[in-house]
1. For SER45, indicate whether it is among the hydroxyl-bearing types (Ser, Thr, Tyr) and under 16 Å from the mean Cα position of the chain (by Cα).
2. Just one of (1) at pLDDT 95 or above; (2) surrounded by fewer than 10 Cβ atoms within 10 Å (Cβ to Cβ) trips up LEU51, so point out which.
3. Among SER67, SER1, SER45, SER38, which is the only one that is open to solvent by 100 Å² or more (accessible area, probe 1.4 Å) and of a type in the set (Gly, Ala, Ser)?
Amino acid sequence: SLSPLRRANALEEQLKEQELRADQTLLEEIKKQRELLSKMEREKSIEIENLQARLQQLDDENGELRSCVPCLKANIERLE
């Protein structure tokens with residue numbers, strides 16, 4: 001049987017190992033969460049770029065359609 005002092009030392013070592021493992025687990029989890037956040041931010045950034053491009057496209061189309069209006073009104077008046 002171990003002496004009380006040896007037993008205390010053994011328990012202390014065990015506790016240190018457990019704390020070390022807990023720290024490593026925590027660091028791994030933090031790293032994983034950061035990577036996930038990074039990925040989500042990249043995806044969001046790409047989506048924003050796509051939406052801005054679509055908005056520009058719709059804006060251009062809108063401009064083209066507006067420029068047709070006077071011509072169409074003139075045609076209608078002529079037909080009437």
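The values are calculated or read from the model by the stated rules, or taken from the named source; none is laboratory data. Note that the structure is a prediction, hence the values are computed from the model and not measured. In this analysis, Cβ positions are derived from the backbone assuming ideal geometry, glycine residues included, and neighbour counts consider all displayed protein chains. When the accessible area is computed, the model is the full protein with side chains, heavy atoms only, and any ligands, DNA or RNA have been set aside. Shrake-Rupley method; radii C 1.70, N 1.55, O 1.52, S 1.80 Å.
1. Working: among the hydroxyl-bearing types (Ser, Thr, Tyr): yes; under 16 Å from the mean Cα position of the chain (by Cα): yes.
So SER45 fits the description; yes.
2. Result: LEU51 passes all but (2).
3. Values: SER67 fails: open to solvent by 100 Å² or more (accessible area, probe 1.4 Å); SER45 fails: open to solvent by 100 Å² or more (accessible area, probe 1.4 Å); SER38 fails: open to solvent by 100 Å² or more (accessible area, probe 1.4 Å).
From the options SER67, SER1, SER45, SER38, the qualifying one is SER1.
Results for (1) at pLDDT below 95; (2) surrounded by 10 or more Cβ atoms within 10 Å (Cβ to Cβ); (3) on the phi > 0 side of the Ramachandran plot, shown as yes or no for each residue.
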position	(1), (2), (3)
LEU5	yes, no, no
LYS16	no, yes, no
CYS71	yes, no, no
ASN75	yes, yes, no
